[in-house]
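No lab work stands behind these numbers, since they all come straight from the coordinates. These numbers were taken from a predicted model, which means no experiment stands behind them. Every residue, glycine as well, gets a Cβ built from its backbone with ideal geometry; the counts of neighbours run over all protein chains shown.
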Amino acid sequence: MATKRKSRGAYMISAVAEMYEIHPQTLRLYEREGLLRPSRSEGNTRLYTDEDLERLEFILNLARDLGVNIAGMAIILQMRERMEEMNRQMQSFVDYVRTEMLSKMQQAAPVNEAGLVPMRRPVIVPQPARTSQKNRK
């Protein structure tokens, strides 16, 4: 779904409903079901951020294009959040391993300028013995 906003900031429910051509009650329903979590102003007015609108676009894509119901949306969004968290954890682990490996490599004695280790003797790979047609019978 194409992004329908151009500026950054917070949007009131009426503006969001108009931008996405949905009823404000639909937005309230999505909030009641835990699909959206807009912030609130001091006067308790719902304020939708750019991140909220991105999430809304994803929700509307699920509903309009894929026909997913609210229960399905909740499951998909929860799985998406878990996958994003797992991705963050994996990236953190990769960064840690990379840092540790670089540290260990810097502590190790240099092998030579090219980074190659000389072999003591040549390696000979034995060839399998060939059998003749007469021996197979």
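For PHE58, PHE93, what's the fewest-to-most ordering of other Cβ within 10 Å of each Cβ?
PHE93, PHE58
Measuring from the lowest to the highest alpha carbon on each principal axis, how far does the range 11-103 reach, largest first, in angstroms?
Principal extents (Cα only, largest first): 56, 35, 20 Å.
With a Förster radius of 41 Å, plug the Cβ-Cβ distance of ALA71 and ASP95 into 1/(1 + (r/R0)^6) and report the FRET value to the nearest 0.05.
Here the calculated transfer efficiency is 0.65.
Which trypsin sites (Lys or Arg not before Pro) in the range 1-87 pass both tests, a DSSP loop state and at most 16 other beta-carbon atoms within 10 Å?
Qualifying residues, ordered by number: LYS4, ARG5, LYS6, ARG8.
Hey, what did the range 11-103 get for relative contact order, percent, Cα under 8 Å, at least 6 apart?
The normalised contact order for the range 11-103 reaches 21 percent.
Using the Karplus equation 6.51 cos²θ - 1.76 cosθ + 1.60 (θ = phi - 60°), what ³J(HN,Hα) coupling, rounded to whole Hz, does each residue of the range 71-87 give in order, writing x for Gly and Pro?
4, x, 4, 4, 5, 4, 5, 5, 5, 4, 5, 5, 5, 5, 5, 4, 5
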